Amino acid sequence: MSLATLTENYLESFSDFEARAAGHRLPWLKNLRGDAFARFCQIGFPTTHDEDWRFTNVSALAQTGFRLAPASPTQLSPEAIEPYRVPGAGVQLVFVDGRFAPELSRTAQLPDGVEAGSLAAKIESDPAELEPLLGRYFDSGRDAFSALNTAFLEDGAYIRVRKGIVVEEPICLLFVSSSAAPEANSLVPAAGAIMTHPRNLIVVGENAHAGFLEDYVSLGQDAAFCNSVTVLLAGDHSVATHSMIERENLRSFNVSTLRIQQGRASDVASHSVLLGGALVRNNVHPVLAGEGAECLINGLFVGGGKQHLDNYMLVEHASPRCASRQFYNGILDGHSSGVFHGRIIVQKDAQKTDSKQTNRNLLLSDDARIDTKPQLEIYADDVKCTHGATIGQIDAEALFYLRSRGISEADARKLLLVAFASECLDRMKPGPVRERIEKLIQTCLAQVALSVTSASSSGTGGVGYWEAAE
């Protein structure tokens with residue numbers, strides 16, 4: 001598809017959207033959307049010639065004529081999403097094809113001092129509160145996907161935790177895809193497949209404590225493109241935990257961006273778990289803007305079949321005496337491919353910075369591939385920064401030792417894979433979110449071990465493990 005045709009397709013969708021979207025009569029929001037769409041038309045989708053995308057080819061996504069989801073969300077029964085609820089979660093906001101579904105959401109246990117609901121509803125009811133927040137902390141000109149999200153900005157979650165409030169239970173956001181199905185046996189969605197652009201705004205006030213979970217799932221084998229942006233504003237001395245699970249089907253595209261702005265002495269942890277999707281791009285971009293801020297970026301990605309899972313981390317140290325830690329583990333089999341591009345920038349005034357970056361990967365087949373690029377840019381002279389990456393296979397001696405103790409090959413592989421993945425789990429605080437993630441990983445890695453064992457004896461390649469596990 002040519003750039004002109006691509007632009008024309010998106011222009012038609014944007015024109016229809018702009019005329020009916022929430023807040024379409026607000027001049028500041030109209031300008032924000034229009035400027036972002038103009039930027040998207042100017043730069044187009046990234047290619048492998050762009051340094052930040054050199055390991056990820058998005059041509060299959062770019063050449064597909066996606067359309068926006070209908071204005072009225074698909075009606076789902078509570079039973080359809082019951083398996084995706086998190087036991088122990090106090091609040092759950094459900095979005096179907098990018099739109100808030102109040103009949104499926106649970107907000108009765110919303111604590112005092114906490115507001116949680118639809119961003120579209122907030123735009124209509126209190127736009128003055130959103131105006132200084134929506135466009136300030138997020139640069140829609142960074143790449144095509146962030147520009148596209150801002151152009152189609154309408155719905156998503158709006159959450160505000162007031163100053164000094166401690167929220168004991170996690171606030172969960174469930175994003176359900178129920179789009180039209182593609183051609184049979186196709187990994188690429190047919191023309192007209194649905195795209196959604198959720199925008200989530202989370203504000204954690206000074207001295208407040210809260211945890212959040214974003215969970216992206218598919219119902220059935222329908223194709224979709226989800227391009228989400230979450231902006232998390234952590235006030236001075238606040239503590240926030242953000243977790244993201246991506247487990248969509250193997251025909252889906254998912255691009256997610258988490259932008260974190262940290263105040264003085266704030267403590268933020270980001271945990272990402274990528275299990276599904278045909279092509280997935282996970283962007284995490286914290287800015288440690290206040291002195292003494294701390295940030296943990298922790299993740300695990302598991303791929304099989306022809307999945308491509310890309311993780312791009314950009315950590316900016318902008319103030320003195322801040323600390324950041326990045327730990328990402330990858331497990332890849334079949335013909336799958338993974339990317340870890342970790343970039344740490346230490347600004348001139350960010351003296352006494354303490355930063356560490358580590359990426360560890362297991363390749364379970366000869367055809368699996370990982371591209372890893374840890375990177376440091378340091379403009380201060382009093383810092384402590386380290387980075388490193390490793391690529392390996394399952395330890396044959398450890399596998400032999402377990403087999404010699406009467407453990408089957410599949411169970412032995414599972415034990416070793418779970419031990420490798422547990423490095424990421426151990427960095428998560430105990431609670432409902434960690435329990436949910438642990439169960440998902442256990443299920444997925446059991447299928448990985450079984451598939452690898454079968455492939456080693458038959459000479460066949462792996463499959464997409466999350467889809468097989470479901």
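Using the structure shown, decide if P78 is at pLDDT 95 or above and loosely packed, with under 14 Cβ neighbours inside 10 Å. Show your work before the answer.
Working: at pLDDT 95 or above: no; loosely packed, with under 14 Cβ neighbours inside 10 Å: yes.
Here the answer is no, as P78 does not meet what is asked.
Suppose we filter the range 35-57 for residues that are more than 25 Å from I123 (Cα to Cα) and assigned to a helix (DSSP H, G or I); how many remain?
Residues of the range 35-57 more than 25 Å from I123 (Cα to Cα): 41-57.
Filter once more, so that each one left must be assigned to a helix (DSSP H, G or I): 41-43, 51-53.
Looking only at that region, the number is 6.
Being among the charged types (D, E, K, R) and within 11 Å of S355 (Cβ to Cβ) is the filter here; which residues of the range 378-391 pass it? Break it down stepwise before answering.
Taking the range 378-391 first, the residues among the charged types (D, E, K, R) are 381-382, 384.
The one that is among the charged types (D, E, K, R) and within 11 Å of S355 (Cβ to Cβ): K384.
Restricting to the range 428-448, what's the tally of residues that are assigned to a helix (DSSP H, G or I) and in contact (Cβ under 8 Å) with a residue 40 or more places away in the chain? Don't jump to the end; show me each part of the working.
Filtering the range 428-448 for residues assigned to a helix (DSSP H, G or I) gives 432-448.
If we keep only those that are in contact (Cβ under 8 Å) with a residue 40 or more places away in the chain too, we end up with 432-433, 435-437, 440-441, 444-445, 448.
Residues flagged as assigned to a helix (DSSP H, G or I) and in contact (Cβ under 8 Å) with a residue 40 or more places away in the chain within the range 428-448 amount to 10.
One line per residue, one yes/no per condition, for (1) touching a His at 6+ places or on another chain (Cβ under 7 Å); (2) within 29 Å of L440 (Cα to Cα); (3) not small (G, A, S):
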site	(1), (2), (3)
R325	no, yes, yes
I331	no, yes, yes
G334	no, yes, no
T353	yes, no, yes
K356	no, yes, yes
N359	no, yes, yes
L364	no, yes, yes
I370	no, yes, yes
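Are any of the residues in the range 235-250 assigned to a strand (DSSP E or B) and under 18 Å from W53 (Cβ atoms)? Reasoning before the result, please.
Step one: list which residues in the range 235-250 are assigned to a strand (DSSP E or B), which gives 239-247.
Okay, now just the ones that are also under 18 Å from W53 (Cβ atoms), so none.
Checked the range 235-250: no residue is assigned to a strand (DSSP E or B) and under 18 Å from W53 (Cβ atoms).
Can you report the number of residues in the range 179-223 which are surrounded by fewer than 19 Cβ atoms within 10 Å (Cβ to Cβ) and either modelled with pLDDT under 90 or assigned to a loop (DSSP other than H, G, I, E, B) (or both)?
Residues in the range 179-223 being surrounded by fewer than 19 Cβ atoms within 10 Å (Cβ to Cβ) and either modelled with pLDDT under 90 or assigned to a loop (DSSP other than H, G, I, E, B) (or both): 16 in total.
With the requirement that a residue be in contact (Cβ under 8 Å) with a residue 24 or more places away in the chain, surrounded by fewer than 19 Cβ atoms within 10 Å (Cβ to Cβ) and under 17 Å from N282 (Cα atoms), what does the range 37-49 give you?
Correct list: F45 only.
Only strands (runs of 3 or more DSSP E) wholly contained in the range 319-427 count here; list those with 2 or more residues that are of a type in the set (F, W, Y) and in contact with a Ser or Thr (Cβ under 9 Å, 6 or more places away or on another chain). Give the derivation first.
Working: elements: 323-332, 337-346, 353-363, 369-378, 383-392.
In the range 319-427, 323-332 are the strands (runs of 3 or more DSSP E) which contain 2 or more residues that are of a type in the set (F, W, Y) and in contact with a Ser or Thr (Cβ under 9 Å, 6 or more places away or on another chain).
Identify, from the list F212, F225, the residue that is among the aromatic types (F, W, Y), free of Cβ contacts under 8 Å to residues at least 60 places away in the same chain and closer than 30 Å to T74 by Cα. Explain how you work it out, then say what you get.
On the way: F225 fails: free of Cβ contacts under 8 Å to residues at least 60 places away in the same chain.
None of the others qualify; the one that does is F212.
Do the conditions hold for E131, that is, is it under 17 Å from L233 (Cα atoms), surrounded by fewer than 20 Cβ atoms within 10 Å (Cβ to Cβ), modelled with pLDDT of 95 or more and not aliphatic (A, V, I, L, M)? Walk me through how you get there before you give the answer.
Numbers: under 17 Å from L233 (Cα atoms): yes; surrounded by fewer than 20 Cβ atoms within 10 Å (Cβ to Cβ): yes; modelled with pLDDT of 95 or more: no; not aliphatic (A, V, I, L, M): yes.
The answer is no for E131.
Right, L32: in a helix (DSSP H, G or I) and touching a Leu at 6+ places or on another chain (Cβ under 9 Å) or not?
On the way: in a helix (DSSP H, G or I): yes; touching a Leu at 6+ places or on another chain (Cβ under 9 Å): yes.
Here the answer is yes, as L32 does meet what is asked.
Between a residue in the range 229-244 that is on the phi > 0 side of the Ramachandran plot and in contact (Cβ under 8 Å) with a residue 24 or more places away in the chain and any residue that is surrounded by fewer than 23 Cβ atoms within 10 Å (Cβ to Cβ) and assigned to a strand (DSSP E or B), which pairs come within a Cβ distance under 9 Å, given they are 6 or more apart or on different chains?
H237/D267
Can you go through R369, R343, R321, R360 and tell me which one is surrounded by fewer than 23 Cβ atoms within 10 Å (Cβ to Cβ), of a type in the set (K, R) and touching an Asp or Glu at 6+ places or on another chain (Cβ under 6 Å)? Write out each step before concluding.
Values: R369 fails: touching an Asp or Glu at 6+ places or on another chain (Cβ under 6 Å); R343 fails: touching an Asp or Glu at 6+ places or on another chain (Cβ under 6 Å); R360 fails: touching an Asp or Glu at 6+ places or on another chain (Cβ under 6 Å).
Just a single option satisfies the conditions, and that option is R321.
Exactly one of these conditions fails for E294: (1) surrounded by fewer than 24 Cβ atoms within 10 Å (Cβ to Cβ); (2) within 15 Å of T386 (Cα to Cα). Give me its number.
Result: E294 fails condition (2) only.
Taking only the range 306-315 into account, find how many residues are buried (at least 21 other Cβ atoms within 10 Å of the Cβ) and either more than 19 Å from V229 (Cα to Cα) or touching a Pro at 6+ places or on another chain (Cβ under 7 Å) (or both). Lay out the reasoning, then the answer.
Taking the range 306-315 first, the residues buried (at least 21 other Cβ atoms within 10 Å of the Cβ) are 307-313, 315.
Okay, now just the ones that are also either more than 19 Å from V229 (Cα to Cα) or touching a Pro at 6+ places or on another chain (Cβ under 7 Å) (or both), so 307-308, 315.
Adding up the residues that qualify gives 3.
So, L104, is that one closer than 22 Å to I260 by Cβ and surrounded by 17 or more Cβ atoms within 10 Å (Cβ to Cβ) or not? Write out each step before concluding.
Details: closer than 22 Å to I260 by Cβ: no; surrounded by 17 or more Cβ atoms within 10 Å (Cβ to Cβ): yes.
Here the answer is no, as L104 does not meet what is asked.
Does V58 satisfy being crowded, with 20+ Cβ neighbours inside 10 Å, among the aliphatic types (A, V, I, L, M) and touching a Leu at 6+ places or on another chain (Cβ under 6 Å)? Give the derivation first.
Values: crowded, with 20+ Cβ neighbours inside 10 Å: yes; among the aliphatic types (A, V, I, L, M): yes; touching a Leu at 6+ places or on another chain (Cβ under 6 Å): no.
So V58 does not fit the description; no.
Okay, residues lined up against (1) in contact with an Asp or Glu (Cβ under 9 Å, 6 or more places away or on another chain); (2) within 20 Å of D215 (Cα to Cα); (3) of a type in the set (V, I, T); (4) surrounded by fewer than 20 Cβ atoms within 10 Å (Cβ to Cβ):
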position: R54; (1), (2), (3), (4): yes, no, no, yes
position: F66; (1), (2), (3), (4): no, no, no, no
position: A71; (1), (2), (3), (4): no, no, no, yes
position: L110; (1), (2), (3), (4): no, yes, no, yes
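The values are calculated or read from the model by the stated rules, or taken from the named source; none is laboratory data. None of these values were measured; they are calculated from a predicted model. Every residue, glycine as well, gets a Cβ built from its backbone with ideal geometry; the counts of neighbours run over all protein chains shown.
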